[in-house]
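All remarks here apply to the structure that follows.
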Protein chains: 2
Amino acid sequence: MPPVKIVPRLPKGMRDFLPADMLKRDYVFGVVREVFHLYGFEPLQTPVLELKETLMGKYGEDAEKLIYHAQHPGGKEEVALRYDLTVPLARVVGQHENQLTMPFKRYQLSPVWRAERPQRGRYREFYQCDADIVGIAGMQADAEIISLIVAVMRRLGFPQFNVKINNRKLLTGMGQYSGVPDVQLGDLYRSVDKFDKIGAEGVQKELVERGIAADVVARMIELITARQPGLENLDFLEDIMGSIPAAAEGIRELRELAAYLNDADVPTRNYEFDFTMVRGLGYYTGPIFETIISEPNLGSVNGGGRYDDLIGLFRKDSLPTVGMAFGIERIIDVMEILNLYPPDIVGTVVEVLVTAFSPETRSQSTRLTAVLRSGGVRTELYMQEKNLGKQFDYANKKGIPLVAVLGPEEIVDGVVKLKRLTDGTEVVVKQADAAGKIRELLGS
Amino acid sequence: MPPVKIVPRLPKGMRDFLPADMLKRDYVFGVVREVFHLYGFEPLQTPVLELKETLMGKYGEDAEKLIYHAQHPGGKEEVALRYDLTVPLARVVGQHENQLTMPFKRYQLSPVWRAERPQRGRYREFYQCDADIVGIAGMQADAEIISLIVAVMRRLGFPQFNVKINNRKLLTGMGQYSGVPDVQLGDLYRSVDKFDKIGAEGVQKELVERGIAADVVARMIELITARQPGLENLDFLEDIMGSIPAAAEGIRELRELAAYLNDADVPTRNYEFDFTMVRGLGYYTGPIFETIISEPNLGSVNGGGRYDDLIGLFRKDSLPTVGMAFGIERIIDVMEILNLYPPDIVGTVVEVLVTAFSPETRSQSTRLTAVLRSGGVRTELYMQEKNLGKQFDYANKKGIPLVAVLGPEEIVDGVVKLKRLTDGTEVVVKQADAAGKIRELLGS
């Protein structure tokens, strides 16, 4: 009985990464990991499947509809695919606290699942890349997170980017000063969050529609759009609202944060205070950050902030926490747009193709391949029975930079001919010296 | 309203990997990837969720019960979590064939899900690590796969291991020669597969119970237990069964394979022919391999073989394929048992802890931290307000090898005191020279 054929396809919003894409992704992941380690963040990994009780009720109703549930035949536990890496972190801290030393500086670089409507640049399985510091209430931790963001962005080669910084406490203080009723502070955040898209007028209109008095809204807009350079912005706001406790506390925190950023040698051109920046998530309690690539305008690539209450869901007492997440899928795309991948990230890992001159010389080609690999050269052995021209075509198509030719003459002389495909350079070397010569030809 | 507390726990069979474990896992993954690249295998990644139609009907009924199904509210597609990495590879080859250059040598290092009954060393989410060559029918590809297995095992530091090699064609030939009816060849494989556990007598008994004549079974057992050294085993079998086409073909393939392994300089102590080794999966069509750590007896850590028909499920014509999978979770455990992790894989990424002498010196500690990180030293800045003794305790507990002390005197002199915790060595150096000195103290 011939087997039934299956049309090879994927569920909506899912992707395969073929090697050329994977090599770029692995490059970005590698740089990110290296910088995280430099800053003393340690790797954590949580499982893809979590109990539903862990995930549900943390993200809001609209988000919960996007969570994938999972089950196996006869299974009794209610499980689901993780929606982000932050709630799992909070669970881990509650679950393994005896094994963790505080502060717990961890990163996780893992996929998450959200059944959003697929569209260009938005997928249902995508990687998140989080770094958080658990257990430090002071602004030194917030500064450490911002330093880390800036270091990663610089190491990836972004010529221009900007970490916008605000503080939920300050926003609350502004609302209170302006006369926004406490119960409407949530509405306030939600509207201001759209500032980038709908502008001051749009936010103003929306807040009035939500039933906040026009003069209250006007005062609020004036505060959030205050634009003095650098720390003068904080002086300006303190003069106005210094007597509102939430505002005073928010301003003090931002001053402290700025001082640590200065100590940490973070360039001032890479961060600024922007009081129109809110961040959607409900759980932030202090400073919030969002990193923008503005010239050209390529949008947000990182977001984060302080959320001192979340871990308290999984533990008797909460622990102060600050963290950030790179929109790593967006970064991978933007690096392509800005041409930031190093030239040696080509479509293949292979450095040299060892050709097979004829069936009789296969044995010698196999031997040479073993010698090159022992010498640390990433080597592919050509295994099809085709003529040398076809073998060169294969190397060209795959983007392999070098080809090794081992014909009867070379075999007799114990040598090999190496050809660099980019410029046609040919050299003949002893087989024992080939690995070294290849390094030289690759300029590495 | 105070939030409801949630007991932090995981679904059955799921694990968190805290940093100390992750560093070991990442070490193993890193070595494996490096060797795969050396052999010219390229990275591939497929999504966790596949359409059910892709997975179902490939693994057998018992296995299918272990597959996790997934769904989101309102979702219409039938999706499931991947069960292995081989069927997704076959789908990828069918789906993206225009973008792939043959042969396609790919590896994938990813988790899979199976709802097996959890027990010691068996989990419901675990990593698989596969390397396959698609598009080459000749034994050079099988030899390449076995060379790769041996290279990975050696690079990981396993002092002793053995790749057992058999051939499904030869097993079929043995069955035919012995008089096993063709329809019972499946039963034959299943029973012989238990040879390691139940021995020759057990297999013999089981085959007789399955209704195969006692004399047929006896002939079969004699063939599979033939134990001449090395290639003589093949001569011995050829003398007996050379006229059975399947046997002759199987023997020819194994001879060719052995010749390529010899060319590739694979040590003969690391592989042997073992005709009692079957491999459970139904889809193998030619040579099969299984790697065993036998002294001490730690079981199987790798399995694979040739499966020339599977890709044909997703494509008009199938493509010859040979591959292997490391039992990477088992390898991670066995490396612990055999103490194979390098001594620098400690419980932390941090190389030096920069202490904070007092609140007044925090600013200088932050500066020094920035300098060390610029110098490539993986540095943690101490952020709590505790005395120096407590800070040293913290470094000791985390396993950080070096501590940097920056008190008022050091600050005045522009120096820093470095202490190596393993032996108490103390040196005082200029802050600008600290990164170099740290490298020296770490012996790296």
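The values are calculated or read from the model by the stated rules, or taken from the named source; none is laboratory data. It should be emphasised that the depicted structure is a prediction, and the values quoted were computed from it without experimental measurement. Backbone-built Cβ (ideal geometry, glycine too); neighbour counts: all protein chains shown.
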Query - Residue among B:GLN364, B:GLN384 that is crowded, with 19+ Cβ neighbours inside 10 Å, polar (S, T, N, Q) and within 12 Å of chain A (Cβ to nearest Cβ) - result: B:GLN364
Query raised in the report: A:GLU34 is checked against (1) free of Cβ contacts under 8 Å to residues at least 24 places away in the same chain; (2) more than 8 Å from chain B (Cβ to nearest Cβ); (3) not hydroxyl-bearing (Ser, Thr, Tyr) and fails just one. What number does that condition carry?
Result: (1)
Report task. Might you check whether a residue that is part of a helix (DSSP H, G or I), at pLDDT 95 or above, of a type in the set (Asp, Glu) and surrounded by 20 or more Cβ atoms within 10 Å (Cβ to Cβ) occurs anywhere in the stretch A:144-151? Result -> yes
Requested in this report: Restrict the check to the stretch A:191-201 and report whether at least one residue is polar (S, T, N, Q) and crowded, with 19+ Cβ neighbours inside 10 Å.
Outcome: yes
Query raised in the report: When B:GLU64 is evaluated against the numbered criteria (1) surrounded by fewer than 21 Cβ atoms within 10 Å (Cβ to Cβ); (2) at negative phi; (3) at pLDDT 95 or above; (4) more than 7 Å from chain A (Cβ to nearest Cβ), which criterion, by number, is the only one it fails?
Result: (3)
**Report entry** The lone exception for B:ALA137 - which of (1) within 11 Å of chain A (Cβ to nearest Cβ); (2) under 30 Å from B:MET220 (Cα atoms); (3) part of a strand (DSSP E or B) it fails
**Finding:** (3)
Requested in this report: Can you tell me which residue within the stretch B:367-381, out of those that are of a type in the set (S, T, N, Q) and buried (at least 21 other Cβ atoms within 10 Å of the Cβ), is nearest to A:ASN262 (Cα to Cα)?
Outcome: B:THR369
Report task. For the stretch B:152-190, enumerate the residues that are surrounded by fewer than 24 Cβ atoms within 10 Å (Cβ to Cβ), of a type in the set (Gly, Ala, Ser) and more than 21 Å from the chain's Cα centre (by Cα). Result -> B:SER178, B:GLY179, B:GLY186
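Quick grid of which residues meet (1) within 20 Å of B:GLY60 (Cα to Cα); (2) in contact (Cβ under 8 Å) with a residue 40 or more places away in the chain; (3) at the interface with another protein chain (Cβ under 7 Å from one of its Cβ atoms):
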residue: B:LYS76; (1), (2), (3): no, no, no
residue: B:ASP84; (1), (2), (3): yes, yes, no
residue: B:THR101; (1), (2), (3): no, no, yes
residue: B:GLN108; (1), (2), (3): no, yes, no
residue: B:VAL112; (1), (2), (3): yes, no, no
residue: B:ARG117; (1), (2), (3): yes, no, no
Report task. Have a look at A:LEU402, A:LEU372 and point out the one that is in contact with a strand residue (DSSP E or B) (Cβ under 7 Å, 6 or more places away or on another chain) and away from chain B (no Cβ under 12 Å). Result -> A:LEU402
Query - Positions within the stretch A:180-206 being more than 23 Å from A:ILE292 (Cβ to Cβ) and at pLDDT below 90, in sequence order - result: A:VAL180, A:PRO181, A:ASP182, A:VAL183, A:GLN184, A:LEU185, A:GLY186, A:ASP187
Query raised in the report: What strands (runs of 3 or more DSSP E), lying completely within the stretch B:351-444, carry at least 3 residues that are in contact (Cβ under 8 Å) with a residue 12 or more places away in the chain, out of contact with any Gly (no Cβ under 6 Å at 6 or more places or on another chain) and not hydrophobic (A, V, I, L, M, F, W, C)?
Result: B:415-420
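So that you can scan it fast, the table gives a plain yes or no per residue for (1) acidic (Asp, Glu); (2) in contact with a Gly (Cβ under 6 Å, 6 or more places away or on another chain):
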position: A:TYR271; (1), (2): no, no
position: A:MET277; (1), (2): no, no
position: A:THR285; (1), (2): no, no
position: A:GLU295; (1), (2): yes, no
position: A:VAL301; (1), (2): no, yes
position: A:GLY305; (1), (2): no, no
position: A:ASP308; (1), (2): yes, no
position: A:VAL322; (1), (2): no, no
Report summary line: Restricting attention to the stretch B:342-357, the residues that are surrounded by fewer than 18 Cβ atoms within 10 Å (Cβ to Cβ) and either of a type in the set (S, T, N, Q) or away from every other protein chain (no Cβ under 14 Å) (or both) number exactly 2
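Residue-by-condition table, conditions (1) outside the structural domain of A:TYR283 (by TED's automatic domain parsing); (2) assigned to a loop (DSSP other than H, G, I, E, B); (3) crowded, with 23+ Cβ neighbours inside 10 Å:
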{"residue": "A:ILE6", "(1), (2), (3)": "yes, yes, no"}
{"residue": "A:MET14", "(1), (2), (3)": "yes, yes, no"}
{"residue": "A:LEU23", "(1), (2), (3)": "no, no, no"}
{"residue": "A:GLU53", "(1), (2), (3)": "no, no, no"}
{"residue": "A:GLY75", "(1), (2), (3)": "no, yes, no"}
